[in-house]
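Note sheet for the following structure.
The values are calculated or read from the model by the stated rules, or taken from the named source; none is laboratory data. None of these values were measured; they are calculated from a predicted model. Here Cβ is always computed from backbone atoms with ideal geometry, including for glycine, and neighbour counts include all displayed protein chains. What goes into the accessible areas is simple: the full protein's heavy atoms, side chains included, and nothing from ligands, DNA or RNA. Shrake-Rupley method; radii C 1.70, N 1.55, O 1.52, S 1.80 Å.
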Amino acid sequence: MAGRHSRIRMFTSPAGIAATAAVGVALVVGGTVGAVQLASGEPADSAPALVDAPASSPAVPASPSASPSVGLPPSASPSPTVTASPKATRTQAASRSKARTAAPKPAATTKKPAPTSTVVDSGSCGASFYDEGQLTANGENFNPDELTAAHKTLPFNTKVRVTNPANGKSVTVRINDRGPFIEGRCIDLSRAAFATITSVDVGALTVKYEVLG
């Protein structure tokens, strides 16, 4: 006996520590129950069987997400926090902050219809032309390049539309002279007016005239 020594097994794991604690509690409870049974006179065999207490589960290590710096490799670093950039504010000029009024629409311009000429007299007769420079009956200098004509009775400045029925061409002339004085002709046109409705080589032709009011 003197040469033997007892070994005490040390449990370092959490499960071993929990088991040791459970055994100690069982021994304490068993001794207490035995003492009570001896005091009451009941046989010790009726003591309840000890039930092993379940071993407590080992502690679960903390999740790496609990601390961003624990459990990460040296090269990994927690992502920086993204902060929203401040919104740009637009300052409006004082002149632009005023209420805008609709621009007035330009008034539509109504085109005046061209004055219509009324035919006060019409007929057919012979027409010729003349181009000699002379003083007209109303005191003007005759210009063969203007659209004028001579008539026996119509008032000066009367407008007459002369039409060539052979080709439908017409010209409006102003009466500023008297003539012609040849039988069968009622109007004598300037050279320019006569060339508008036919060739001057014709010399004379029957035309339709309309006196415009």
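Listed values, structure above:
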{"read-out": "Flag for GLU132 being in a loop (DSSP other than H, G, I, E, B) and modelled with pLDDT under 95", "value": "yes"}
{"read-out": "Matching residues, the stretch 148-166, being open to solvent by 80 Å² or more (accessible area, probe 1.4 Å) and either touching a residue at least 24 places away in the same chain (Cβ under 8 Å) or under 14 Å from SER128 (Cα atoms) (or both)", "value": "LYS152, LYS159, PRO165, ALA166"}
{"read-out": "Members of the stretch 188-213 found to be closer than 15 Å to ASP131 by Cβ and of a type outside the set (S, T, N, Q), listed by number", "value": "ASP188, LEU189, ARG191, ALA192, ALA193, PHE194, ALA195, VAL200, ASP201, VAL202, GLY203, ALA204"}
{"read-out": "Pair list, Cβ under 6 Å, 6 or more apart: the stretch 200-213 residue over 16 Å from SER190 (Cα atoms), other residue in a loop (DSSP other than H, G, I, E, B) and at pLDDT 95 or above", "value": "LYS208/PRO165"}
{"read-out": "Exclusive hit being within 60 Å of the chain's Cα centre (by Cα) and surrounded by 15 or more Cβ atoms within 10 Å (Cβ to Cβ), set ARG178, ARG185, ARG174, ARG191", "value": "ARG174"}
